[in-house]
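Values quoted throughout were computed directly from the atomic coordinates according to the rules given, and no laboratory measurement underlies them. What you see is a predicted model; the values in this text were computed from it and never measured. All Cβ positions, even for glycine, are placed from backbone atoms using ideal geometry, and neighbour counts span all protein chains on display.
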Amino acid sequence: MKIPVLRIYTIGYLLFLYCPIVILPIFAFNNSTAVAFPLQGFTSQWFVNVFHDAVLGHALKNSLLVAGSTAVLATFLGTLAARANTRYQFKAAGPLMGLIMLPMVLPEIIMAMALLVVLLSVGIPLSLFTIVLGHVLVCTPFAVAILTSAFQSLDKSLEEAAYDLGEGPFSTFRLIILPLVMPGIISAMLICFTISLDEFIVANFLGSGEPLLSTFIYGQLRFPKNVPNIMALGTILVGVSITLLALAEFFRRRGLARTGAKDTGGFL
Amino acid sequence: MSEPLKRPRFWGSQAASGLALISPTALYAILLLAAPLAATLVYSVMTDGYLTIIPHFQLCNYIGECHSQLADGTQSRDGYLGAWSDPIVRTLMARSLLVSVLVTAATVLLAYPVAYFVSFNVEASKKSLWLFMITIPFWTSYVIRVFMWNVMISRTGVINSFLQGLHIITDPLQMSFTIQAMVITLAHAYAPFAILPIYVALEKIDRSLLEAGQDLGETRFATFLRVTLPLSMTGVIAAVLIVFIPTIGDYVTPNLIGGGKIPMIANMIEKQMLKADNRALGSAIAVSAMLVVGLVSVVFLALNRRYLKGQK
């Protein structure tokens, strides 16, 4: 029998990928302030601490506000760009799409610093709003990527049939196209929400000191006695992220099934 | 493509409709991305005036020695060195470049077999499940993932206690605060970015070419080297660039894994822009970092241009 070398390698690689998020819950329930083996015993104390932390509650509220606004704005902008790029052919599309997708590869620190310097010199005070501005920039390329595949799998004849039956462009969009790409839109919103929730660099540099989950976590990691609380918080966050992603994947697949396209793989 | 007859020519031509539709997103990107990047470029050739920028052109933020302008219009006595003349900036730049190159090499080499496995050995119906599994860790909090690596490799961390428990080692290995540790952490963080483009390129390969190779007497390995690998190079090149470019600006890993002891260029940009309030020099370092990355990317593309010919 042939040894499935590649399969074993890939499973090993997956173990490497999952290592940190598998170890996280182990320490979240470990009854010791030292994040090390051997384990001391089971406790849910860290989770209790997390639920009673007032600053954390505040940070959570801020994060949800920022992530929610970012998801809506980035998905809206992403929908427009993806639709324009898949439906119409025009010369400026290439350079403009390049600029819109640039944050995917641009080092975040450079983007954040450039934006920070300009905001300050224009005189816009830093706030949660400026974080949203930055996060929309970071998230829009991901929304465009997801929605481009949603729009690409659209059958153009459906749209033409609607025109032939006397519908205008707006009612066609509302009645035919929007329902078909809706799963893609929901999927994009969930992904943008997840990215914004976890994003650190923009939140750190474009914020006014109002805590967000990611900056709160980063700050707490400097104090060893607070680390177990962060392990508990991290466990909850990873759980939430995975749930949101599973939902996004569910909607993405449903969208593909609805338009009758072949599933070609992941989000990117 | 024929236009449907009853279609009202509401917005006019294709170009006008497309431009109108893309304009909000494009305007957003121009105002909040292109303009700030252009401003960074302009700032880098201006004079620093403590907290402000004085529109006086000079190149000393890059080469030579600069003097900040004081509030009364005179120059400060103590100068500072430009980005390319300052040995500290040069050291950090070289270190960032080294880390980026190592991370890119490690990530892409480790990722290729995974992409190959999913593309060639997994049933079509299960491919998207595998890809989903690969991308999940990537979507969880970056700060926490980086910190978890610290937990794994510290003196009392998971790996050391595991190895000591098995009596493989007696003294804990010193892994924290090293470049190797940063490379592992970043290779972990960018894994899906490398796997997905390679996977896409492998998926596009016509499987009958591989059969032809083997029918003509090549071994499986020779077929891989002479057919599969060259055809998948577009994906490898995309993976290299998509890992290499952002890695050079990583900020969290040097702080959490390097313990602040092995800063990279991003930490220097932050220091100049915020703590030292020298936005002219900070901008010059940022522009220099992008130049270095751009130059390396162009050289890399040029070296691999034969693989890109005739594609796209």
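The slack between B:LEU229 and B:MET133, meaning 0.36 nm per residue of separation minus the straight C-alpha distance, is 32.1 nm. All C-alpha pair distances within region A:46-259, sorted into 5 Å bins from zero, spread as 1, 7, 13, 16, 16, 15, 11, 9, 6, 4, 2, 1, 0, 0 percent across the bins.
Averaged over the residues of peptide A:20-30, the number of Cβ atoms from other protein chains lying within 10 Å of each residue's Cβ is 4. What does the C-alpha gyration tensor say about the overall shape of region A:157-268? Classify as rounded when a/c is under 1.5, otherwise prolate if a/b is larger than b/c, or oblate. Prolate, since a/c reaches 1.5 and a/b exceeds b/c.
Isolated cysteines of chain A, defined as having no other cysteine beta carbon under 4.7 Å away, are A:CYS19. Helices that extend 18 Å or more along their long axis by alpha-carbon positions and average at least -0.5 on the Kyte-Doolittle scale are, among the DSSP H runs of chain A, A:5-28, A:54-87, A:108-122, A:128-152, A:178-198, A:227-259.
Using 1/(1 + (r/R0)^6) with R0 = 30 angstrom and r between the beta carbons of B:ALA15 and A:LEU102, what's the FRET efficiency to the nearest 0.05?
Values: r = 23 Å, r/R0 = 0.75.
That gives a FRET efficiency of 0.85.
When each of the peptides B:127-133, B:218-224 is scored by how many other beta carbons lie within 10 Å of its residues on average, the order from highest to lowest is B:127-133, B:218-224. Computed over chain A, relative contact order equals 31 percent, with contacts defined as Cα pairs under 8 Å that lie 6+ residues apart. Highest mean packing first, where packing is the average number of other Cβ atoms within 10 Å per residue, the peptides A:223-235, B:166-178 line up as A:223-235, B:166-178. Put a dot 7 Å past the Cα of B:LEU295, heading toward its Cβ, do the same for B:THR170, and the two dots end up 5.0 nm apart. For the pair B:ASN121 and B:ILE30, label points projected 7 Å from Cα toward Cβ lie 5.1 nm apart. Distance between the pseudo-spin-label points of B:PHE57 and B:LYS275 (7 Å out from Cα toward the beta carbon): 3.4 nm.
Going by a ≥ b ≥ c, the root eigenvalues of the Cα gyration tensor, does the protein assembly as shown fall in the rounded group (a/c under 1.5), the prolate group (a/b larger than b/c) or the oblate group? Judged from the Cα gyration tensor, the protein assembly as shown comes out rounded (a/c under 1.5).
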